[in-house]
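Down below is the structure, laid out as structure tokens.
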Amino acid sequence: MSSGSASTTPASTGRSATAAPRPCTVARYLARRLHQLGITHLFGVPGNHLGPFLEALRAEGHIEWVGTPTEGGAGQAADAYARVHGAGAAAVTYSVGAFNLLNACGGAYAENVPLIAINASPPYEQWQNFRAIGLITSHMSQRPESNLEVYRQVTVDAQCVSNPGLAPGQIDRALTACLSERRPVYLEVMEDLWDAPCPEPVGEITARPRPFTEKNQHMLDAAVQAVLQLIDDHPAEDGRPRPILWAGEEIDRFGLGGPLLDLVDATGIPFCTTIGAKAVVSEHHPRYHGVYNGDASDPVVHKVFKQWSTCRIGLGAWSTSKNLQGDRYIGTDWVMASHGGISVGTAYFPDVQLAQLIPALRDVLVARYGPGGLAADYYAEAGAAGRAVPGGLAAFRATLSTAGPLAPLTEHLTYDGLFTRINHFLNDETQERWTVISDAAFSLIGSMNLTLPAGGYLAQNIWLSIGWSVGAAAGAALAPERRNTRPMVFVGDGSFQETCQEVSTHTRLGLPSVIFVLNNQNFYGIEQMLVAPCYYSDNHPPGSDGADFYNELHPWKYHKLAEVFSGTKTPATGLTVTTARQLDDLLTALADPTDPVNAGPLLVHVRLDRHDYPRALSYKVARCP
């Protein structure tokens, strides 16, 4: 994940000292406010109602318009841009564009992503005609507030701007809510308002967190003491407490990676992350113990988290099905601090914010146990004889950093074999910086145990809109914080069929992305796993595939799409990989900056067996009769 640092420090409005001042309009006002937030790229699909705003945006000269093939792709790009940068924006045209953008906005709302959705609506004049005589023009609905009402369900603030005099206040309110709540907002602007005069921006747009009052201090103190008591009440066999931290999504969204490391370094407490907070801090940190993801965790990580540690302290972690694979509840020896409160066992303390909780925990734990007093190598100090991992954490981390031994070169690729080789490449064979962007399903589970630097991973692990990764990669690559990194995308074939056209954006912009399309013989593998996991057992009828008919996909020659999207000045490469040797050859080429495959986006068609799946999901198959 990203470091979570939000770019809320305003820049200048961008007009040079010698340039004649331009009269402010609603369009210019919004453009300048976006620029103040450090936004450098606006994603979207143009339309007649949006045109005047884009003209003003270009005249201002600070934000580049990135036209995408679909509104959904624009939203995915803006989502990833916001995860990395702190705020992102997409602009579309009323109804037909807005409803296509809605899915991305819903995902951003579910995952606390500060996305700004801009919807250009028909002009005020046309709405007056509709009210007077019922005249409907293009994109209009017989419910004038249809777009606004829908977006109110997936935003923390939704505004319809119909009066230029009120525009500054409405725009500022929405953008302030976006930064403060770290969630999407919606701005609907009527076409004939774009060029209407309005006051200049005044002051800065900054986040406005909840005030910290004396009452909050009392609640915080009580919560911290409850955590301390829970730790004391759960000693290990040797009498020492062995807590473990579980860092989650809100550490990323609220930019708390630094305070988290301060807590870990001061106390010595080992930590895991959720899959949604993967790489929120460097996974090479000596206290990092892996991704905990319920029964889908690495078996040793699962034992460390659930058995060898004596209590679990979730910081910003969400108790969702994808973070707790196979679990249906958390126990009384858990602490869960998220969504503005903290539960400690069966007690709950409302209005306790992570930003105050983490340093308070650090101070109290250091005072109680001393600096580094909770340090432990749970892999070596596993309690009863025979439970320890030979070599302890250092030995286990060595397996994490390489994801195990490499399979023979002639072997047909598997999901686990693919990610093993990718992990070797990312940790040992490349000098470049990469951002891994994983799609939902088998790609998400397969990439979970890659070992990555801080900010090296992005995934939509709650909303799980398949195909998200392809559009998201463009947004991540264009964020100022990732300009010197390359996107590496893992996406299933079914997911890729949803958003394949977004590769066009990669090609158009010359992004050197690498997109691995994981094709398990034209099949929605994860859907089969969720509905009927016994399909993957060894007990399926011989000679019969046994898959559910609705999970079948039409076969595509995925690598050929690179030729479709490429142009004379915009190269793109496509190829197919089936064996370990072919993958190794490709990775060797990726490490050579002079190789032609690095000139633009690379589309890699990875052929996998239909009955293969990431072994992390074997707990589902093991339940089969």
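Just a few scattered comments:
- Residue within segment 286-297 that is farther than 23 Å from LEU426 by Cβ and either acidic (Asp, Glu) or in contact (Cβ under 8 Å) with a residue 40 or more places away in the chain (or both) present: yes
- For the residues VAL503, VAL517, the requirement of being part of a strand (DSSP E or B) and modelled with pLDDT of 95 or more singles out VAL517.
- Counted as qualifying within segment 37-149 are the helices (runs of 4 or more DSSP H) with 3 or more residues that are without any contact (Cβ under 8 Å) to a residue 60 or more places away in the chain, surrounded by fewer than 24 Cβ atoms within 10 Å (Cβ to Cβ) and not acidic (Asp, Glu), namely 51-60, 98-110, 124-133.
- Residue, farthest from PHE271 (Cα to Cα), within segment 207-248, restricted to residues that are part of a loop (DSSP other than H, G, I, E, B) and touching a strand residue (DSSP E or B) at 6+ places or on another chain (Cβ under 9 Å): ASP233
- Top-ranked residue in segment 456-480 [being in a helix (DSSP H, G or I) and hydrophobic (A, V, I, L, M, F, W, C); ranked as surrounded by the fewest Cβ atoms within 10 Å (Cβ to Cβ)]: LEU478
- Taken together, ALA360, ALA367, ALA394 contain a single residue that is at pLDDT below 95 and over 27 Å from ARG486 (Cβ atoms), which is ALA394.
- Going through (1) surrounded by fewer than 24 Cβ atoms within 10 Å (Cβ to Cβ); (2) modelled with pLDDT of 95 or more; (3) farther than 18 Å from LEU603 by Cα one by one, LEU509 falls short only on (3).
- Just one of the listed residues (ILE358, ILE269, ILE313) is in a loop (DSSP other than H, G, I, E, B) and either acidic (Asp, Glu) or more than 22 Å from TRP463 (Cβ to Cβ) (or both), namely ILE269.
- In segment 404-455, the residues that are in a helix (DSSP H, G or I) and among the basic types (Lys, Arg): ARG421
- On the stretch given as segment 310-345, residues that are surrounded by fewer than 22 Cβ atoms within 10 Å (Cβ to Cβ), hydrophobic (A, V, I, L, M, F, W, C) and within 18 Å of the chain's Cα centre (by Cα) total 1.
- In segment 494-526, the residues that are out of contact with any helix residue (DSSP H, G or I) (no Cβ under 7 Å at 6 or more places or on another chain) and either assigned by TED's automatic domain parsing to the domain that holds ALA87 or of a type in the set (D, E, K, R) (or both): GLU498, ARG508
- Any hit, segment 173-181, residues being under 18 Å from ASN112 (Cα atoms), part of a helix (DSSP H, G or I) and among the β-branched types (Val, Ile, Thr): yes
- Annotation note: of PRO46, PRO52, the sole residue that is farther than 24 Å from LEU166 by Cβ and either at pLDDT 95 or above or in contact with a Phe, Trp or Tyr (Cβ under 9 Å, 6 or more places away or on another chain) (or both) is PRO46.
- Given (1) touching a residue at least 60 places away in the same chain (Cβ under 8 Å); (2) more than 31 Å from the chain's Cα centre (by Cα), number of the condition ILE205 does not satisfy: (2)
- Selection within segment 587-607 - of a type in the set (A, V, I, L, M), surrounded by 20 or more Cβ atoms within 10 Å (Cβ to Cβ) and in contact with a strand residue (DSSP E or B) (Cβ under 6 Å, 6 or more places away or on another chain): LEU602, LEU603, VAL604, VAL606
The values are calculated or read from the model by the stated rules, or taken from the named source; none is laboratory data. Keep in mind it's a predicted model, so treat the numbers as computed, not measured. Reconstructed Cβ throughout: ideal geometry from the backbone, glycine too, with neighbour counts over all protein chains shown.
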